[in-house]
Amino acid sequence: MNERILSYAACGVLALLSGSGAAAEAAHATLPCEVGSYAMADGGALDIAPDDDGTLRWRRPDGTTGALKSQGRGRWTSTFGWTDRPDGHRVQFRDCGRDGIRFDATKGTRIPLVQTDTRFQGSGVELAGRLTIPPGDARVPLVVLVHGAEHSSALHDY
């Protein structure tokens, strides 16, 4: 199962996984502790998400991205976009990101997000998901990501 949760703090994300609720719960339970959104000291944001092969991916709101490979002791090196070519970025997580992140020379702090797991029936299929939103009562835009339905012909009938 391919699961990437990109949870920018400015909006809510509802990530839905088709199939059994147990599979979705297992996927959520195995998320690396570094996964999350970070407010950077330069005023930007950085999102850390899991990738299929056990690595992490970083992404900025401008679309730049890279894969992170662990060097041990909370230190990671980055490769350019979706390639294996080193891009020179270095990332360090303090206490698995709970005490912050350093992306090259820029420090960042984890943005607190509220996560709520949910299940419901949809067209005869049980769907499981995780709603990720910023704390507070403010209205925020919502993005719905549906994982596991990429091969459904129903999604392509217009």
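The values are calculated or read from the model by the stated rules, or taken from the named source; none is laboratory data. If you're wondering where the values come from, they're calculated on a predicted model, not measured in any experiment. In this analysis, Cβ positions are derived from the backbone assuming ideal geometry, glycine residues included, and neighbour counts consider all displayed protein chains.
If you filter the range 136-153 down to residues that are modelled with pLDDT under 80 and among the β-branched types (Val, Ile, Thr), you find that the one that is surrounded by the fewest Cβ atoms within 10 Å (Cβ to Cβ) is VAL144. Of all residues in the range 40-84, exactly one satisfies the criterion of being aromatic (Phe, Trp, Tyr), part of a strand (DSSP E or B) and either exposed (fewer than 15 other Cβ atoms within 10 Å of the Cβ) or under 12 Å from the mean Cα position of the chain (by Cα) (or both), namely TRP58. In the range 80-95, the residues that are more than 9 Å from GLY66 (Cβ to Cβ) and acidic (Asp, Glu) reach residues that are modelled with pLDDT of 90 or more and assigned to a loop (DSSP other than H, G, I, E, B) with C-beta atoms within less than 9 angstrom, at least six apart or across chains, in these pairs: ASP95/GLY74. Filtering SER70, SER37, SER78 for residues that are in contact with a His (Cβ under 6 Å, 6 or more places away or on another chain) and at pLDDT 85 or above leaves a single hit, SER78.
In the range 118-134, which residues are in a strand (DSSP E or B) and surrounded by 15 or more Cβ atoms within 10 Å (Cβ to Cβ)? So that I can check it myself, show each step before the final result.
Filtering the range 118-134 down to residues in a strand (DSSP E or B) leaves 118-122, 125-133.
Across the range 118-134, the qualifying residues are LEU127, ALA128, GLY129, ARG130, LEU131, THR132, ILE133.
Scanning the range 101-117 for residues that are more than 17 Å from PRO50 (Cα to Cα), without any contact (Cβ under 8 Å) to a residue 24 or more places away in the chain and surrounded by 13 or more Cβ atoms within 10 Å (Cβ to Cβ) yields one hit, ARG102.
Scan the range 12-34 and tell me whether some residue there is touching a Gly at 6+ places or on another chain (Cβ under 6 Å), at pLDDT 90 or above and not hydroxyl-bearing (Ser, Thr, Tyr). Yes, the range 12-34 has at least one match.
When PRO61 is tested against the conditions (1) more than 21 Å from VAL144 (Cα to Cα); (2) without any contact (Cβ under 8 Å) to a residue 60 or more places away in the chain, the lone failure is (1).
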